[in-house]
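To keep things clear, I will list the structure first and then write my remarks on it.
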Amino acid sequence: MSSKANGIISSNEITRRKFIKFGATGAATVSLIGMFGCSSTEEPAEPEATEDASSETEPTAEPEATTQVITDLTGAEVEVPLEIEKIADLWHAHNQIVIMLGAGDKLVGTTENFKNRAWANVVYPRLAEVEALVVGSGAGEVNYEEALSLEPDVVFASDEEVTENARNQGLTTVNVMFQDYEGLRNNVTLTGQVLGVDAQAAADAWAAMLDENIDLVASRTEGIADADKPRILHIVSPQSYTMVDGTNTIVDEWIELAGGVNAIETEGNRIELTLEEILGSDPDIIIIGSAKPEDVDAFLADEQFSGLTAVQNGFVYANPEGVFPWDRYSGEEALQILWAAKFFNPDLFEDVDMVQKTQEFYSKFYGYDLTDDEATRILEGELPE
């Protein structure tokens with residue numbers, strides 16, 4: 001496969017990545033203080049009966065540490081409690097990471113966007129009880145007063161302005177924003193470190209699954225000639241058919257790893273192009289993020305796209321969406337690699353059962369056993385029944 005600055009090219013390369021290492025302050029040191037007598041050539045005087053010949057001070061231990069200092073994904077050092085009991089998460093996508101790492105029951109604050117996600121409520125019914133602190137899409141409008149009243153031990157955020165505002169309010173805030181697979185891995189690792197031993201173990205298990213999937217896909221796609229790779233157009237959502245994902249993005253990474261070529265040569269995440277540029281890309285396969293089957297039908301019926309090769313062949317698909325969409329910021333992106341590879345090069349991945357893979361992920365990381373129908377609906381971008 002061809003090399004890209006930020007691309008995941010092969011299993012060897014991904015395992016050679018040097019990810020951010022997060023340090024932590026741990027147990028306090030213990031100091032010992034001794035008192036010793038001086039020696040002399042003269043005979044020592046007999047001590048009075050009421051006094052000891054020598055005395056010692058008992059060792060004094062410093063208080064056990066209750067916090068650790070972590071480095072967030074912007075490079076800022078943040079002191080966080082070692083024991084996390086309450087979490088406020090101001091980034092829609094990161095709520096999925098918290099639940100995936102087994103800390104969902106500690107959520108006291110979330111976002112309106114995440115709170116309204118259908119599959120998240122199926123997998124984690126308690127979500128209905130969690131306070132929505134953010135209204136709207138993107139960074140949204142944050143209710144800092146309500147966040148303070150919940151007294152969270154830690155707050156997770158992605159937007160720099162939101163992070164700064166939260167810290168100014170006295171909230172211990174960790175920025176976990178990322179834009180590529182390396183950042184996703186660091187996000188999960190950091191979150192595990194903040195949330196404790198059990199979350200760290202889940203983060204390690206997730207990283208092992210990611211590596212396993214990357215190794216499998218890379219080993220089967222690395223020999224595909226560039227001329228034989230399908231051209232892929234990834235549309236961000238049905239809200240705008242001309243907002244797409246270009247090169248040097250996490251979307252571009254999974255397209256290339258899965259044995260495809262990004263039909264958009266412009267660099268950037270969620271970029272707006274002209275209709276002429278979209279038509280000129282003439283992709284072999286079109287994937288629409290955050291789409292339902294009816295959105296795919298609407299796109300196929302749109303006359304302005306009727307000349308595209310993908311439309312003529314009926315190769316337009318909704319991207320899978322479970323607890324969170326698979327294509328960009330979700331821990332479920334570990335499955336996106338397999339799904340895309342099977343779509344782009346089905347002959348190479350006939351043995352990969354995506355229903356089974358999805359069920360295994362949900363059982364392992366959410367403790368939820370998907371039925372075959374539920375897994376199929378997630379894979380097709382459908383809502384639960």
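Is it true that residue 250 is modelled with pLDDT of 95 or more, within 19 Å of residue 296 (Cβ to Cβ), of a type in the set (A, V, I, L, M, F, W, C) and open to solvent by less than 20 Å² (accessible area, probe 1.4 Å)?
So residue 250 does not fit the description; no.
Specify which of the listed residues (268, 280) is open to solvent by less than 50 Å² (accessible area, probe 1.4 Å) and free of Cβ contacts under 8 Å to residues at least 60 places away in the same chain.
One residue alone meets the criteria, 268.
Looking at (1) in a helix (DSSP H, G or I); (2) within 21 Å of residue 328 (Cα to Cα); (3) not polar (S, T, N, Q), find the lone condition where residue 127 falls short.
All conditions are met except number (2).
So in the range 368-385, with the set limited to residues that are open to solvent by 40 Å² or more (accessible area, probe 1.4 Å) and in contact (Cβ under 8 Å) with a residue 40 or more places away in the chain, which one is nearest to residue 200 (Cα to Cα)?
Result: 368.
Mind telling me which of the residues 350, 321 ends up being open to solvent by less than 60 Å² (accessible area, probe 1.4 Å) and of a type in the set (D, E, K, R)?
321
A quick yes/no check of all residues on (1) open to solvent by 50 Å² or more (accessible area, probe 1.4 Å); (2) in contact (Cβ under 8 Å) with a residue 60 or more places away in the chain; (3) of a type in the set (Phe, Trp, Tyr):
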{"position": "96", "(1), (2), (3)": "no, yes, no"}
{"position": "108", "(1), (2), (3)": "no, no, no"}
{"position": "122", "(1), (2), (3)": "no, yes, no"}
{"position": "143", "(1), (2), (3)": "yes, no, no"}
{"position": "151", "(1), (2), (3)": "yes, yes, no"}
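If you check 197, 154, which single one turns out to be touching a helix residue (DSSP H, G or I) at 6+ places or on another chain (Cβ under 9 Å), at pLDDT 95 or above and β-branched (Val, Ile, Thr)?
Within the list 197, 154, the selection yields 154.
Report, by residue number, each residue of the range 353-366 that is open to solvent by 10 Å² or more (accessible area, probe 1.4 Å) and either farther than 20 Å from residue 219 by Cβ or acidic (Asp, Glu) (or both).
353, 355, 359, 360, 363, 364, 365, 366
In this structure, is residue 170 open to solvent by 30 Å² or more (accessible area, probe 1.4 Å), farther than 26 Å from residue 200 by Cα and modelled with pLDDT under 95?
The answer is no for residue 170.
The values are calculated or read from the model by the stated rules, or taken from the named source; none is laboratory data. Just so it is clear, the model here is predicted, and its values are computed rather than measured. All Cβ positions, glycine included, derive from the backbone under ideal geometry; neighbour counts span all protein chains shown. Only protein heavy atoms, including side chains, enter the accessible area calculation; ligands, DNA and RNA are left aside. Shrake-Rupley method; radii C 1.70, N 1.55, O 1.52, S 1.80 Å.
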